[in-house]
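K.L.:
The following block contains the structure, expressed as structure tokens.
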Amino acid sequence: MSNFIELKKIDQADEPVTVEAVLDLNPADLEHDDIESVSDAKIVVIGSKGAGAGEYLLQGRFEFKAAISCARCLEPVPFANASEFAVTFRPHPSAVAADDPEVEIEEGDLDVEYYSEPQVALERLAGEQIELALPMRIVCAESCQGLCPRCGANRNREECGCEPEPVDDRLQALSALRDKLKNEEK
Ligand SMILES: [Zn+2]
Ligand SMILES: [Zn+2]
């Protein structure tokens, strides 16, 4: 079940509308494949009217904890972050003036988003903050040895005794070719 901030309520109120929620976020709904779990996801959103027609400003704070797989050994690494955001929501052009070719979505304006329904899911705002917070890859330690490519053993915990990976045949063929060309140049 999603939690929403109702944009109509912002119109009806004389002062900004505050919505607070603890979100139950499913890692499968997030864009990152290496998120194992998300916990303590708390969001506060303060909604107020924006300057333009149908425009709303949603400001707030989001914090969460997560377990992220180590990019090398896949063990869960704890991660926590808190961030503040301010996003302007405008009516989606297709909802306002479908036939008006003059209306265009401005690309690249990160702090402007569009709504089609008069409500914004808090999970959407939270998901964006998680995306911004997570680095491209996380390792449990700089010294992490990763998994053995042959037997899959976690090399931080055990010596599996496998031979190191042989050089890829195709790479060998390439370097042979390179040597051959070099010799021909002489
Ligand atoms: Zn690791
Ligand atoms: Zn091994």
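K.L.:
Name every residue in the stretch 134-145 that is surrounded by fewer than 16 Cβ atoms within 10 Å (Cβ to Cβ) and within 16 Å of ligand 2 (Cβ to nearest atom), in order of residue number.
P.N.:
Residues of the stretch 134-145 that are surrounded by fewer than 16 Cβ atoms within 10 Å (Cβ to Cβ), as a first pass: 135-137, 141-143, 145.
Within the stretch 134-145, just Q145 meets the criteria.
K.L.:
E15 passes all but one of (1) more than 30 Å from V139 (Cβ to Cβ); (2) in contact (Cβ under 8 Å) with a residue 40 or more places away in the chain; which number fails?
P.N.:
With (1) more than 30 Å from V139 (Cβ to Cβ); (2) in contact (Cβ under 8 Å) with a residue 40 or more places away in the chain applied to E15, the lone miss is (2).
No lab work stands behind these numbers, since they all come straight from the coordinates. None of the values given here were measured: they were computed from a predicted structure. Note that we place each Cβ from the backbone using ideal geometry, even for glycine, and neighbour counts take in every protein chain shown.
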